[in-house]
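A.B. asks: Got a structure here, written out as structure tokens. Questions coming.
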Amino acid sequence: MNACGSTFAIKGPIVVVGKPKINAVNINPNPGCAPQLVNFSIRATGVAPPNNYSWYFGPPGAQAHDVSSTSYTYTQAGIYDFMVIARNGCGEDTFKTKIYIDTLPAPRIQASPTEGCHALTVNFLNLTQPGGYSSTPFYEELWIDGGLVCGPWWCTVNCPNYGNYSPGLG
């Protein structure tokens, strides 16, 4: 009761909400090779879910706003600082990580011996170096004349026919 003798009652529930929580950010692919289109999506929750997103892709000025998924094309090799912020009226949550963009290395294959008599056995070795930011091989197969497939780093091949054989990576 107040000084004038009247009372005031609050009707309805009182709702207390908190800031959003980022549960997961999907980045696909990471790593990749320049130029690389990378897709981003976020899953964020809270009693009051986020109603605003800010995406920062790394290069100055590269950003998007107000969408829960987006894409960005990285045109240069490098390691980029990525950040997304999910906001609502009570606060924000931030997720940060690195985006790794490489250049596709030039293939380098060593063969030994490179000539000999019929039914020559040749050892092939893939000396191609992965890109500067990844230890993952960019090539998953070492093949001979587009057909015979070996592991990514080496193989031994019996060349049964006369002629030329061409190794490649795929």
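A.B. asks: Please list, by residue number, every one of the trypsin sites (Lys or Arg not before Pro) in the range 8-67 that is coil in DSSP and has at most 12 other beta-carbon atoms within 10 Å.
C.D. replies: Answer by residue number: K11.
A.B. asks: Using θ = phi - 60° and the Karplus curve 6.51 cos²θ - 1.76 cosθ + 1.60, what whole-Hz ³J(HN,Hα) does each residue of the range 115-123 get, with Gly and Pro shown as x?
C.D. replies: Coupling constants for the range 115-123: 7, x, 7, 3, 6, 5, 9, 10, 9 Hz.
A.B. asks: How would you order 75-82, 158-165 from highest to lowest mean count of nearby Cβ atoms within 10 Å?
C.D. replies: 75-82, 158-165
A.B. asks: Reachable lysines from K96, Cα under 24 Å, same-chain residues fewer than 8 places away excluded?
C.D. replies: Result set, ordered by chain and number: K19, K21.
A.B. asks: Whole-Hz Karplus ³J(HN,Hα) for the range 24-34, in order, using 6.51 cos²θ - 1.76 cosθ + 1.60 and θ = phi - 60°, x for Gly and Pro?
C.D. replies: Ordered by residue, 3J(HN,Hα) equals 7, 10, 9, 10, 9, x, 7, x, x, 10, 5 Hz.
A.B. asks: Which of rounded, prolate, oblate describes the range 21-102, given a ≥ b ≥ c as roots of the alpha-carbon gyration tensor eigenvalues and a/c under 1.5 marking rounded, otherwise prolate only if a/b is larger than b/c?
C.D. replies: It is prolate, given that a/c is not under 1.5 and a/b is the larger ratio.
A.B. asks: In whole Hz and in residue order, list the ³J(HN,Hα) couplings for the range 67-78 that follow from phi through the Karplus curve 6.51 cos²θ - 1.76 cosθ + 1.60, θ = phi - 60°; x for Gly and Pro.
C.D. replies: Once θ is set to phi - 60°, the couplings for the range 67-78 become 10, 8, 8, 7, 9, 8, 9, 8, 9, 10, 5, x Hz.
Taken together, the values in this text are just the output of simple stated rules run on the coordinates, not laboratory data. What you are looking at is a predicted structure, and each value in this text was computed from that prediction instead of being measured. Counting neighbours? That spans all protein chains shown, and the Cβs are built from the backbone with ideal geometry, glycine included.
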